[in-house]
Structure formats: C-alpha cells, structure tokens
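Just below is one structure, and these are the notes that go with it.
FYI, it's all coordinate maths here, none of it is from the lab. The model shown is predicted, which means the values in this text are computed figures rather than measured ones. In this analysis, Cβ positions are derived from the backbone assuming ideal geometry, glycine residues included, and neighbour counts consider all displayed protein chains.
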Amino acid sequence: MYMLDAAKLRRLLGSQTIRNTDVIIFDRYIYDQIANLYSRSAAGRIYAKFLLKQVPTPDVAFIIDASPALAFARKPEYPLDFVQRNRQTFLSLRELVPQLIVISEGSPENVKNEILGHLMRSRVAGSISPESATEGKTDVTSSEAVVP
C-alpha cells in the first residue's frame with residue numbers, strides 16, 4: 001500500500017496542472033506514511049529510503065512540533081502513548097530527511113512567522129510575497145486548490 005501511495009503522489013505531482021503551479025501545500029506529504037513504518041531496523045530504514053526516492057523532494061518541508069498532551073486533548077481518539085510515539089517517530093524522520101524543518105510549538109502567530117521566515121529564505125520565495133502570505137490570499141479558488 002505504501003508503494004501505491006508513493007506512485008499516486010508521483011503521478012499527481014507529474015500532472016500538467018501541478019507542474020504549472022507555483023506553490024503546493026501538502027498536509028503530511030509522504031512523511032506520515034514513512035513515519036507509520038519507520039523503525040530503527042535495517043529493513044525498515046531501507047524500505048523508507050526506497051519510498052522517499054520514489055517521490056520528488058519538496059523545496060520546503062516542515063514538522064509542526066506540538067506537545068503530545070495538547071495534541072491528545074485536541075484529538076482524543078488516539079491514545080496518549082500513541083501520540084507520544086508518533087511525535088518521536090516524526091522527529092526521528094530527520095535522520096532520513098535532514099531537510100525537514102522542525103517548527104517549535106508556540107502561539108499561532110509565532111508559528112506562522114517562523115514558517116514565513118523559512119519560506120522567504122527558500123527557493124519558493126519568488127513565488128510568494130510577504131503581503132499575500134500574511135493576508136492568506138491566493139489567486140485560486142478553494143475548489144481548484146484542493147486535490148482529492
């Protein structure tokens with residue numbers, strides 16, 4: 001199933017519509033799949049690296065770090081010990097994907113400003129303006145922006 005997800009993602013990113021887009025925002029990208037199977041075992045690491053090679057590397061990728069207790073309070077359908085392990089696994093992904101940027105927990109404004117700072121220093125900076133980024137404006141409608 002992980003290979004099918006990677007193949008679907010690769011096909012989506014290769015589509016004409018996506019290639020003609022300046023900025024694409026994913027929630028989790030392929031990293032949540034890698035986190036689900038990631039382990040310190042050699043076989044798990046090899047498979048994770050293989051999957052990562054099947055999809056394009058994003059220009060910028062963030063992990064928004066949050067307190068497991070606060071995340072659990074917000075989404076109690078997952079047991080707290082799962083949320084704690086999941087956080088550690090996501091943070092460990094930097095061993096395989098060193099370009100992942102960890103954004104520390106903070107107020108929404110501080111998190112937004114930290115993300116914008118990284119974006120403005122990245123290759124995508126030419127595709128966005130500080131004004132449009134802070135105003136949350138886009139040239140696309142929400143129905144055009146969301147790909148199922």
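Go through the residues of segment 88-100 one by one and say whether even a single one is more than 30 Å from residue 22 (Cα to Cα) and either touching a Phe, Trp or Tyr at 6+ places or on another chain (Cβ under 8 Å) or not in a helix (DSSP H, G or I) (or both).
Within segment 88-100 (the criterion being more than 30 Å from residue 22 (Cα to Cα) and either touching a Phe, Trp or Tyr at 6+ places or on another chain (Cβ under 8 Å) or not in a helix (DSSP H, G or I) (or both)), the answer is yes, since at least one residue qualifies.
Which condition number in (1) closer than 30 Å to residue 126 by Cβ; (2) assigned to a helix (DSSP H, G or I); (3) of a type in the set (Asp, Glu) is the one that residue 22 fails?
(2)
Would you confirm whether or not segment 83-91 contains a residue that is hydrophobic (A, V, I, L, M, F, W, C) and under 14 Å from the mean Cα position of the chain (by Cα)?
Checked segment 83-91: at least one residue is hydrophobic (A, V, I, L, M, F, W, C) and under 14 Å from the mean Cα position of the chain (by Cα).
Would you mind finding the one in 38, 29, 2 that is among the hydroxyl-bearing types (Ser, Thr, Tyr), under 20 Å from residue 115 (Cα atoms) and surrounded by 11 or more Cβ atoms within 10 Å (Cβ to Cβ)?
Of 38, 29, 2, the one residue that is among the hydroxyl-bearing types (Ser, Thr, Tyr), under 20 Å from residue 115 (Cα atoms) and surrounded by 11 or more Cβ atoms within 10 Å (Cβ to Cβ) is 29.
Does at least one position in segment 69-85 carry a residue that is touching a strand residue (DSSP E or B) at 6+ places or on another chain (Cβ under 9 Å) and not in a loop (DSSP other than H, G, I, E, B)?
No; the residues of segment 69-85 include none that is touching a strand residue (DSSP E or B) at 6+ places or on another chain (Cβ under 9 Å) and not in a loop (DSSP other than H, G, I, E, B).
Anything in segment 45-68 that is assigned to a helix (DSSP H, G or I) and either farther than 22 Å from residue 105 by Cβ or of a type in the set (Asp, Glu) (or both)? List them, or say none.
Within segment 45-68, 45, 46, 47, 48, 49, 50, 51, 52, 53 qualify.
Scan segment 36-43 and tell me whether some residue there is touching a His at 6+ places or on another chain (Cβ under 7 Å) and of a type in the set (A, V, I, L, M).
No, segment 36-43 contains no residue that is touching a His at 6+ places or on another chain (Cβ under 7 Å) and of a type in the set (A, V, I, L, M).
Output the qualifying pairs, or none if there are none: Cβ atoms under 8 angstrom, residues six or more apart or on different chains, first residue in segment 7-35 and closer than 20 Å to residue 96 by Cα, second residue small (Gly, Ala, Ser).
Correct list of pairs: 29/61; 30/6; 31/61; 33/6; 34/48.
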